[in-house]
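Heads up, the thing below is written out as C-alpha cells.
The values are calculated or read from the model by the stated rules, or taken from the named source; none is laboratory data. For clarity, every value in this text was computed on a predicted model and none was experimentally measured. Note: ideal-geometry Cβ built from the backbone for every residue, glycine included; neighbour counts use all protein chains shown. Each accessible area value is taken on the protein alone, full model and side chains, heavy atoms only, with ligands, DNA and RNA left out. Shrake-Rupley method; radii C 1.70, N 1.55, O 1.52, S 1.80 Å.
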Amino acid sequence: MACLLETPIRMSVLSEVTASSRHYVDRLFDPDPQKVLQGVIDMKNAVIGNNKQKANLIVLGAVPRLLYLLQQETSSTELKTECAVVLGSLAMGTENNVKSLLDCHIIPALLQGLLSPDLKFIEACLRCLRTIFTSPVTPEELLYTDATVIPHLMALLSRSRYTQEYICQIFSHCCKGPDHQTILFNHGAVQNIAHLLTSLSYKVRMQALKCFSVLAFENPQVSMTLVNVLVDGELLPQIFVKMLQRDKPIEMQLTSAKCLTYMCRAGAIRTDDNCIVLKTLPCLVRMCSKERLLEERVEGAETLAYLIEPDVELQRIASITDHLIAMLADYFKYPSSVSAITDIKRLDHDLKHAHELRQAAFKLYASLGANDEDIRKKIIETENMMDRIVTGLSESSVKVRLAAVRCLHSLSRSVQQLRTSFQDHAVWKPLMKVLQNAPDEILVVASSMLCNLLLEFSPSKEPILESGAVELLCGLTQSENPALRVNGIWALMNMAFQAEQKIKADILRSLSTEQLFRLLSDSDLNVLMKTLGLLRNLLSTRPHIDKIMSTHGKQIMQAVTLILEGEHNIEVKEQTLCILANIADGTTAKELIMTNDDILQKIKYYMGHSHIKLQLAAMFCISNLIWNEEEGSQERQDKLRDMGIVDILHKLSQSPDSNLCDKAKTALQQYLA
C-alpha cells in the first residue's frame, strides 16, 4: 500500500472513512506542537482495539506523518514516544496493517529511535518493533541488514525489564537457521541473556528461555556452550530442569523441555542423562495428556518425537510412560464432545487446528516405532490405527499426509507387519496414489516405504507390480532430487531380487540402457551403489544372465570396465567384481569375459590387491570361469594358467585369511580334477 496519497482517494473508499478519522489525521499537521501531541494521544485512544479505525487512519496517510514526527529533531521526546505507541497499536491490527507500515520503512525509523538517550522512547520503539517482527509478514532479515543493530540491542538489554522482554522476543522470532544463530552467538547472546533466567519478571524469564530454545536448535556450538554456563553458581541445564517442574506454568515447562531436548539432540547432553530420562521425557509425555490445550499437546508430542527419534532406549522408556501409545489415540478423536469445551471461541479454534493433533500423533508414533518390534506391534494394535494412517494419506493438509507416510514408513520396517497388517489393510493402494502426485518431501518418504513393500517376503510385492510401479519407479530415477533417484533405483533393486525373467525384462525396458548407464556415472555414491545392486540382481540365475547379456552384454561390459578403472571406493569396486562373478556364472555369458583380455587383466590385478574384499570378489570370478563340470572349462583353465592365475592361486592358498585361503584351494582343485 502506498504511503503518500498523491491522487485523491476514490469516493468508494471515502464512504468507508469517517469524518472523525480525517479529523485525527488533520490534527497531526497543526502548527502548534501541543495540539499535535494532544492529537496523537487522542488518536492512540481511538485506535485501541478498533481495527476499522486503524485501517481508516492508514488509508488517510497517518503513518508517513507519524514517522515524520517520530524522526524530527524538533519533536519533543513525549511526542516521539506517543507516535511510537500509536504505530505499535496500528501494527497490532491486521497483517495488511503491518505490510503498510513496512512499505513506509518503519523499521529503519524505529531502529534509529533506539539511539535516543530516553528510556521511555526506547521502550516504545522496542515494543513496536516486537509487534512488527512477530508478524508472519515481516522478513526476519530486516533485523540483520545493518550490522550495528544486534550489538546495540545487546547493549540495551541491561536498561530495563521491558527492554529485556522485547529484545529477547525479537531475537527468538528472528532467529531462523544457523546463520542467524551464529550472528547472535558471536555478539554474546548466551552471556547477555543467561542471567535473565533469574529475573523477577516472569515475562523476561520466559522470553529468555525461548531465546535459548531457538539458539540451541540443531546447533552443537551453542548447545556445548550452554552446558557450561553458570548463572548464580548454577549450571544452565540445572536451571532448565527447575523450570520444567510441575508447579511451573505449562509454557515454561514446555520451553525448558525444548531447550534440554535440543541440547541433547545436538550432542551436548547424553541421552541417558537423568535430566533427559527422569525430567525432560516425562515432562513431554505429560504435555500429551488430554487435559492440556491443543497447542500444548501438539508441541509436547512433536518435541518428544524429536527427542527420542535417534535413540532406541528413549523410545522404549517413552512407550511405557503414562500409557503414551494409548494416550496418543485420543489425538484422533478431538474434540470428542462439544460440551467439554464451553468456550465457543476455543472450540472454533480447535476444530480449525485439529489436523495439527493428527500430524503430531503420526510424528510421535513414527519415532516410537523406529526400531523396536514390540513397540510397532503395540502401535498397530491401538484401536483403528491402520485405518487412521490410511485416512491420513489422503488428507488435504500436506503436513498431515507427510506425517502419516513417515509413520507408515517407520512401521514398515517390521517383517511381521509387512506380512500381516499391511496386507490386511492393502496399504500399498493409497501409497501408490500418494506417489502419483505429491511434493518431493512426501515422495522421498513414500518411495522409501515402497522399497520395504517390494522386499521379496512382502505379500504386497505382486499387486504393486501389477499396478504400474515399474514405470513410476523408473521415472523417479530421473529426478533431480538425489534422494528420489536413490529410492527409485533401490525399489527396482528390491523388485529384481529373485524375480521372474519377465519382471527383469520390464525393468530393463522401462529404465532403458541409456538411463542405467547415466545412473552408473551418477555423482551420488548411494545412487551408484544401488544401481550396481540392481544390475547384480538382474544378472542372477543362469538363463536370465545369458538372456540379458545376449542383448545388453556390450554396454554392461563397457560400464564394468569404466567403474573398475575409475576412482571409486572399495565397496563400489567390490559390487562391480560381484557383477562380473555373476556374468561368469552364465553359460554363454562367461565368454564375454573370456574374450575380453582387458577385463581378465583387471580380475588378475584385483586377485593381488591389498584389500581382502576385492581379492575375494575377484576369486569368485575365477572360480566361476574355471569350474570343470561346465562345457569349455579346459580351454578357460588353460588360458587363465597362461596368464599366471594358477601362480596367484598358489600364493593365495597360503593367505592368513581363512576365507581367501579356502577359496584359493577350492579353485586349485578344479585344475587337479
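Determine, yes or no, whether C264 is buried (at least 20 other Cβ atoms within 10 Å of the Cβ) and in a loop (DSSP other than H, G, I, E, B). Break it down stepwise before answering.
Working: buried (at least 20 other Cβ atoms within 10 Å of the Cβ): yes; in a loop (DSSP other than H, G, I, E, B): no.
So C264 does not fit the description; no.
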I'd like to check something: does the range 419-433 contain any residue that is of a type in the set (F, W, Y) and at pLDDT 85 or above? yes
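Any idea which of K290, K363 is touching a residue at least 40 places away in the same chain (Cβ under 8 Å), surrounded by fewer than 16 Cβ atoms within 10 Å (Cβ to Cβ) and under 30 Å from A216 (Cβ atoms)? Lay out the reasoning, then the answer.
Numbers: K363 fails: surrounded by fewer than 16 Cβ atoms within 10 Å (Cβ to Cβ).
Going through K290, K363 in turn, the sole match is K290.
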Could you figure out which of (1) farther than 22 Å from Q164 by Cα; (2) hydroxyl-bearing (S, T, Y); (3) buried (at least 19 other Cβ atoms within 10 Å of the Cβ) isn't true of T74? (3)
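Would you call L209 of a type outside the set (S, T, Y) and either in contact with a strand residue (DSSP E or B) (Cβ under 7 Å, 6 or more places away or on another chain) or crowded, with 22+ Cβ neighbours inside 10 Å (or both)? Spell out how you get there, then give the answer.
Values: of a type outside the set (S, T, Y): yes; either in contact with a strand residue (DSSP E or B) (Cβ under 7 Å, 6 or more places away or on another chain) or crowded, with 22+ Cβ neighbours inside 10 Å (or both): yes.
When the stated conditions are applied, L209 passes them.
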Lone qualifier among V434, V445, V415, V405 - being open to solvent by less than 10 Å² (accessible area, probe 1.4 Å) and either farther than 24 Å from E480 by Cα or touching a residue at least 12 places away in the same chain (Cβ under 8 Å) (or both): V405
Answer yes or no: is there a residue in the range 628-638 that is more than 52 Å from the chain's Cα centre (by Cα), surrounded by fewer than 20 Cβ atoms within 10 Å (Cβ to Cβ), assigned to a helix (DSSP H, G or I) and charged (D, E, K, R). yes
Looking at the range 123-163, which of the residues that are among the polar types (S, T, N, Q) and part of a helix (DSSP H, G or I) is nearest to Q207 (Cα to Cα)? T163
Scanning the range 295-320 for residues that are surrounded by fewer than 22 Cβ atoms within 10 Å (Cβ to Cβ) and either assigned to a loop (DSSP other than H, G, I, E, B) or not polar (S, T, N, Q) (or both) gives E295, E296, E302, Y306, E309, P310, D311, V312, E313, R316, I317, I320
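Kindly indicate whether A584 is touching a Phe, Trp or Tyr at 6+ places or on another chain (Cβ under 8 Å), of a type in the set (A, V, I, L, M, F, W, C) and crowded, with 19+ Cβ neighbours inside 10 Å. Break it down stepwise before answering.
Details: touching a Phe, Trp or Tyr at 6+ places or on another chain (Cβ under 8 Å): yes; of a type in the set (A, V, I, L, M, F, W, C): yes; crowded, with 19+ Cβ neighbours inside 10 Å: yes.
In short, yes.
Pick out, from the range 435-501, the helices (runs of 4 or more DSSP H) lying fully within it that include 2 or more residues that are within 18 Å of T531 (Cα to Cα). Outline the logic, then answer.
Values: elements: 440-453, 461-466, 469-476, 482-496.
Per the criteria, 440-453, 469-476, 482-496.
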How many residues of the range 55-109 are over 17 Å from F29 (Cα atoms) and part of a loop (DSSP other than H, G, I, E, B)? The answer is 5
Please state which of the following conditions S460 fails to meet, knowing it meets all the rest: (1) free of Cβ contacts under 8 Å to residues at least 24 places away in the same chain; (2) buried (at least 20 other Cβ atoms within 10 Å of the Cβ); (3) among the polar types (S, T, N, Q). (1)
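Considering each of H568, H552 in turn, give the residue that is touching a Ser or Thr at 6+ places or on another chain (Cβ under 9 Å) and assigned to a loop (DSSP other than H, G, I, E, B). Outline the logic, then answer.
On the way: H552 fails: assigned to a loop (DSSP other than H, G, I, E, B).
Sole residue among the options that is touching a Ser or Thr at 6+ places or on another chain (Cβ under 9 Å) and assigned to a loop (DSSP other than H, G, I, E, B): H568.
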Restricting attention to the range 39-54, and to residues there that are of a type outside the set (A, V, I, L, M, F, W, C) and assigned to a helix (DSSP H, G or I), which single residue is surrounded by the most Cβ atoms within 10 Å (Cβ to Cβ)? K54
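Can you tell me which residue in the range 237-247 is nearest to T182 (Cα to Cα), limited to those that are part of a loop (DSSP other than H, G, I, E, B) and either among the polar types (S, T, N, Q) or in contact with a helix residue (DSSP H, G or I) (Cβ under 8 Å, 6 or more places away or on another chain) (or both)?
Step one: filter the range 237-247 for residues part of a loop (DSSP other than H, G, I, E, B), giving 244-247.
Filter once more, keeping what is either among the polar types (S, T, N, Q) or in contact with a helix residue (DSSP H, G or I) (Cβ under 8 Å, 6 or more places away or on another chain) (or both): 244-246.
Details: L244: 27, Q245: 31, R246: 33 Å.
Per the criteria, the residue is L244.
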Could you check how many residues of the range 168-178 are under 19 Å from the mean Cα position of the chain (by Cα), open to solvent by 30 Å² or more (accessible area, probe 1.4 Å) and under 23 Å from L126 (Cβ atoms)? 1
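What about L57, is it modelled with pLDDT of 95 or more, open to solvent by less than 40 Å² (accessible area, probe 1.4 Å) and in contact with a helix residue (DSSP H, G or I) (Cβ under 8 Å, 6 or more places away or on another chain)? Steps first, please.
Working: modelled with pLDDT of 95 or more: no; open to solvent by less than 40 Å² (accessible area, probe 1.4 Å): yes; in contact with a helix residue (DSSP H, G or I) (Cβ under 8 Å, 6 or more places away or on another chain): yes.
Answer is no for this residue.
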Of all residues making up the range 483-502, the number that are buried (at least 17 other Cβ atoms within 10 Å of the Cβ) and either aliphatic (A, V, I, L, M) or out of contact with any helix residue (DSSP H, G or I) (no Cβ under 6 Å at 6 or more places or on another chain) (or both): 10
Going by the conditions given, is S394 surrounded by fewer than 15 Cβ atoms within 10 Å (Cβ to Cβ) and of a type in the set (G, A, S)? yes
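I want to confirm something. Restricting to the range 465-480 and keeping residues that are at pLDDT 90 or above and open to solvent by less than 40 Å² (accessible area, probe 1.4 Å), which single residue is farthest from Q515 (Cα to Cα)? Can you show your working first?
As a first pass, look at the range 465-480 and keep what is at pLDDT 90 or above: 469-480.
Applying the additional criterion that residues be open to solvent by less than 40 Å² (accessible area, probe 1.4 Å) yields 469-470, 472-474, 476-477, 479.
Values: A469: 17, V470: 14, L472: 14, L473: 12, C474: 9, L476: 11, T477: 8, S479: 12 Å.
By that ranking, first place goes to A469.
Yes or no, residue by residue, for (1) more than 34 Å from the chain's Cα centre (by Cα); (2) aromatic (F, W, Y); (3) over 17 Å from C578 (Cα atoms):
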| site | (1), (2), (3) |
| --- | --- |
| S510 | no, no, yes |
| R518 | no, no, yes |
| M529 | no, no, no |
| P543 | yes, no, yes |
| K547 | yes, no, yes |
Which numbered condition trips up P8, out of (1) modelled with pLDDT of 90 or more; (2) of a type outside the set (K, R); (3) over 48 Å from the mean Cα position of the chain (by Cα)? (1)
I need every pair where a residue in the range 128-157 that is open to solvent by less than 60 Å² (accessible area, probe 1.4 Å) has its Cβ under 9 Å from the Cβ of a residue that is acidic (D, E), sequence separation at least 6 or different chains. R130/E165; F133/E140; S135/E95; V137/E95; Y144/D179
For the range 267-276 the number of residues that are assigned to a helix (DSSP H, G or I) and open to solvent by less than 30 Å² (accessible area, probe 1.4 Å) is 2
Given (1) open to solvent by 20 Å² or more (accessible area, probe 1.4 Å); (2) without any contact (Cβ under 8 Å) to a residue 40 or more places away in the chain; (3) within 18 Å of R127 (Cβ to Cβ); (4) not polar (S, T, N, Q), index of the condition H105 fails: (3)
Taking only pairs six or more apart or across chains, which ones have beta-carbon atoms under 6 Å, a first residue in the range 530-553 that is not hydrophobic (A, V, I, L, M, F, W, C), and a second residue that is not in a helix (DSSP H, G or I)? N537/F497; R542/G586; R542/T587; D546/G586; D546/T587; D546/T588; D546/A589
